[in-house]
Structures are given as C-alpha cells and as structure tokens.
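A short write-up of the structure that comes next.
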Amino acid sequence: MASFESPLGNKKFSGQQLKEFDVPDETNQIPNEQVRHFHSQENEYDHSQTIALEKEMAAAREARNGREKITSGAKRRIEILLGMIKTTRDVEINGTAFVFQSLKTKEMRAAIIAAAEYDNTVQSPFEIRKQFLARSIIGVAGQEMEYFLGSNSLDSKLAFIEELDEALLNRLYDEYLILAKEAHDKFAVKTQQDINEVIDDLKK
C-alpha cells in the first residue's frame, strides 16, 4: 500500500486501485474528442510552422559561411519560437499553491495513448484529465512534486491525482487548459514576420 506524506496531510492507498465515480450529469465535463481536437490542431499548426522555420534557418546558416555564432539572446528567442522552453503557471487554490508546466508533444502523446484505453466509456474524460495533470503539475505547497510525494515516478503522480477532490480536479484541469492556450499563443510562430525576425538574428 503506497502512502504520501505532505503539508496537506498523509494519504494511504493502493496504487493498483482506480477510484470509481458516479456521474449523474456530464454536461460540465470536457468531451474526449474536444480535448484531442484542441491538441491535434495545436500540434499540426506548430509542426507546419516549425518545418518552415527550420528550412529558413538552414538557409540562413548556409549563407553565414562560418561567421560568428549567434548571440545567446538570439538563441533564446529561437528556442522560444520553437517551443523548446516550457511555460509555467502558478495558481493558489484555498491557500495551497500549485505549479503547472506546459507539455511537450511527446508528453501529450503519451497522455492521450494512456487514456485511449477508456475511449467511449464514462471514464474517458476523467482519465484524460488525470493523465494531463499528472504530467503538468510540477509543484504543490511550495515543494517540487518529487519531494512532496517522496517519489518522481509517473505512477506516484497518477495515484496522487486520483486522491484529490473532484471539484479541485475540475479547477486544476481548467488551469491546465488555460496554460496550454497561453503557451501556444506565446511560443507559436504565427506570422512570416516572426520567421523573418529569427532569420535576421541568425544573419547577425
């Protein structure tokens, strides 16, 4: 039987058991397909824009012909535009601080694949929410998850999410969706002007 000790209290439960929920009304749940559509659109958009940017960058590197390396500031801007730097979001709920981070494509893919087992079942929206939150929440009550839970394993994080109150989970998932949109809007290469600015950085 696994146990967690934290500033929020001690919990003991079996990591093998899934909590069952009675769901009389699903009108407030975000449909599985809507979540997938949101993330698939985001990934397709970013992928096409990234390919265009990479081609431009390759051409710019070729044109530089061994000139000095790009500055650290220019490098950071390129990393931001490529989504290599994660976005974080701090939220305080009833006096407890939670820290979220945006997910990479491979993390979102892993979460969706894990939740796919429950497709077309009443558990599907709950499982998707759990999988995303377990990967996105990186801090609770001023501590990193590794120290808060006493483990940095995904199984421990999933078990922790299972033990949270349903209303709290809804709020946490809303905050995650806000973060995902903020990250997309901030880091996506949205216009040709963005691409041209990166090319100019490379040519300096």
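The values are calculated or read from the model by the stated rules, or taken from the named source; none is laboratory data. As the structure is a computational prediction, the values presented were derived from the model and not from experiment. Every residue, glycine among them, receives a Cβ derived from its backbone with ideal geometry; neighbour counts consider all protein chains shown.
I need the full set of residues from segment 112-135 which are in contact with a Leu (Cβ under 6 Å, 6 or more places away or on another chain) and touching a residue at least 40 places away in the same chain (Cβ under 8 Å), in order please. Across segment 112-135, the qualifying residue is only Leu133. In this structure, does Phe126 turn out to be more than 21 Å from Glu182 (Cβ to Cβ) and either in a helix (DSSP H, G or I) or out of contact with any helix residue (DSSP H, G or I) (no Cβ under 9 Å at 6 or more places or on another chain) (or both)? So Phe126 passes the test.
The set of residues in segment 82-109 that are part of a helix (DSSP H, G or I) and either touching a Leu at 6+ places or on another chain (Cβ under 7 Å) or more than 19 Å from Glu146 (Cβ to Cβ) (or both) comprises Thr105, Lys106, Met108, Arg109. Just one residue in the set Glu127, Glu56, Glu92 is surrounded by 13 or more Cβ atoms within 10 Å (Cβ to Cβ), modelled with pLDDT of 70 or more, among the acidic types (Asp, Glu) and within 30 Å of Glu166 (Cβ to Cβ); that residue is Glu127. In segment 130-155, the qualifying residues are those that are out of contact with any strand residue (DSSP E or B) (no Cβ under 7 Å at 6 or more places or on another chain) and crowded, with 16+ Cβ neighbours inside 10 Å, and the one that is farthest from Glu92 (Cα to Cα) is Ser151.
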